[in-house]
Every structure is written in C-alpha cells, then in structure tokens.
Amino acid sequence: MYMVNKKNYGALIVPLFFLFSLGASLTTIGQKIEKHYVSSNQSNGIIYFIKPQEGFNSPKNGDLVYDISYLNSSDSCSFLFSYFDKAERTLDSIGFSIQGQYKMLPVSKIFIETTKNVWHYRYRTSLPLDDISAFFAQTDSPPLLLASKQGQVNLSMKKKRWKKLSSINNRILLVIKHNRS
Amino acid sequence: MFKNFKVAGVALAATALMSSCAMVQSPVGGMLYTDVKSPVAATSNSASSKVGTGSASSYLGAVAIGDASIDAAAKAAGITKIHHVDAHSKNILGLVATYTVYVYGE
C-alpha cells in the first residue's frame, strides 16, 4: 500500500514540475508591461513614465531605485534615481556600462535627506533614448557606477532580476519607439 | 481533543482574515479585485515633461505605510509646476491594497 502511494506521488510531481516550469517561462517571456509604465498625452507630445524599479545594489554600500521618463518630442530621456547609503557622499556622475564601456554622465541633485542612519540621495541625469535602449538590450546584467568625491560605488543586479527587468523595459522602449514623433 | 484545537485554530484564522480587510480609495471598487486608474486634479499650467510618483500600501487592513501625497510625488521628480495628477488604486482580496499617485508637471 505504501509503495503504491509513493508511486502516485512520483506520477504527480513530474507533470506538476513541467507545468510549473512552463508557467515560469511563460511569465518571463510574456510579461505584462502595462503595469510597469504609464503614458499621458500632452500638447508637446506623449510622456512615458517607467515606474520605479529596484535591483541594483552594492553589498558594501547601498541600494539604488530608478525610474525613467521620456517625452516623445525629445531625443533624450530622464533617468531619476534614489540611492540609499550609510555614507555621506557628493555624487558627481553615473556610469552606464554599455558593451563593456562606461558612458559617464553628470548628475544633478533633486534632494538629499537622511532618516536614522541612512542617507537618501535623489538625483537625475539625461541620456539619449538609444543609449538607454542599448543598456537594457544587454543580455548579461551590466553594472552601474556612481562616482562621488568620496570614491566610486559599483552597483550590480542579480541575473534573474535583470532578465525580468530588461525584458519588460525592452518591450516598453519598443512601444515608445513605435510612437516616436 | 486535537481535532477541537484544529477547528478552533482554523476558525480563529478565518475570523482574523475576514475581520480585517485592506481598503483603498477608488471611484469604483471590487470586493475581490480592484485595479482602477482615476483623476485627482488638473491645473491650467502648460504641458509637462516630468513625472513623479508616490504610494502607500495597506496590509490586511492592519498595517498601512507609505507616502502617496502630491507633495512627495512632485518632490521626487523635482516638479514645481503641476499640470495634472492621476491615481491608481489596487486591491487584491482585501489582503494588500495600494494607492499610487502620479504627478505630471515641470
């Protein structure tokens, strides 16, 4: 009797595993992008906003959360980010690793705040839409570099997270390109 | 004896779940699921090039945290002239409810 039950479990586990794998792969391939961005018609064009995304972090330093906005009548998009770190810093620039080379861009401060012992740095930079597309088109998780007077901070994202986010962002950027004026 | 404890445990858990439902502000709401976008405000300011967001969430109706104020959303994007404000309400089975504001401006 015991052996029969054991066999039944085995027969159930295999199809369940395949169903789970299929579901997981379909989820990755067919991401619903609607919940990850908003768009609005303006007199000067359509403005797109990719909602805040997290995943870039540095084990020794802090975490970065970014959002992207783009007005389709312009060539460049705004990359806004919040960087949380225990250290006091003055950020100068941010580097996007594209095809193994860093594209360093100056950042402008929006605000700096502190809660408890963590600093919240809110900055913005702007970069061409083609560059941000090239950044997210990379299959391997590319690093981000924050340059400050107090030293550099290297931020990276886990492969699985990158695969998911880059897939979503590539599709949103494709929608943006199709609607570009 | 053990069966009685099990029944009591299930009843207690069910009571706790049913008595505390997360709610969210929305023009229309679904008992099981809400995913609604709605307007908050519009001004006569000219078109916008910046977008800022802020959100607040409620868990089981027991804990609610976040900052979904227009001020926080505008501040996050460095917006000083607001064009319009939209909101997005989401509620899943009364377990997790999220209210997000999107501020458009210059």
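No lab work stands behind these numbers, since they all come straight from the coordinates. Please read all numbers here as calculations on a predicted model, not as lab measurements. Backbone-built Cβ (ideal geometry, glycine too); neighbour counts: all protein chains shown.
Within region A:51-78, restricting attention to residues that are among the polar types (S, T, N, Q) and part of a strand (DSSP E or B), which residue is surrounded by the most Cβ atoms within 10 Å (Cβ to Cβ)?
Step by step, filter region A:51-78, then rank; the result is A:SER69.
Identify all residues within region B:28-53 that are in a strand (DSSP E or B), crowded, with 16+ Cβ neighbours inside 10 Å and facing chain A (nearest Cβ under 10 Å); write none if there are none.
B:LYS50, B:VAL51, B:GLY52, B:THR53
Could you check how many residues of region B:72-106 are closer than 25 Å to B:VAL28 by Cα and not hydrophobic (A, V, I, L, M, F, W, C)?
Number of matching residues: 13.
Can you pull out the strands (runs of 3 or more DSSP E) entirely within region B:54-106 that have at least 3 residues that are surrounded by fewer than 14 Cβ atoms within 10 Å (Cβ to Cβ) and among the small types (Gly, Ala, Ser)?
none
How many residues are within 14 Å of chain B (Cβ to nearest Cβ) and over 15 Å from A:LEU155 (Cα atoms) if we restrict to region A:68-120?
Going through region A:68-120 one residue at a time, the tally reaches 22.
Being surrounded by 18 or more Cβ atoms within 10 Å (Cβ to Cβ), of a type in the set (A, V, I, L, M), touching a residue at least 60 places away in the same chain (Cβ under 8 Å) and more than 25 Å from B:ILE79 (Cα to Cα): is that true of A:LEU165 here?
yes
Could you grab me the full set of residues in region B:63-88 that are within 13 Å of chain A (Cβ to nearest Cβ) and of a type in the set (Gly, Ala, Ser)?
B:GLY66, B:ALA72, B:ALA73, B:ALA74, B:ALA76, B:ALA77, B:GLY78, B:ALA87
May I ask you to verify whether A:PHE111 is among the aromatic types (Phe, Trp, Tyr) and crowded, with 18+ Cβ neighbours inside 10 Å?
Answer is no for this residue.
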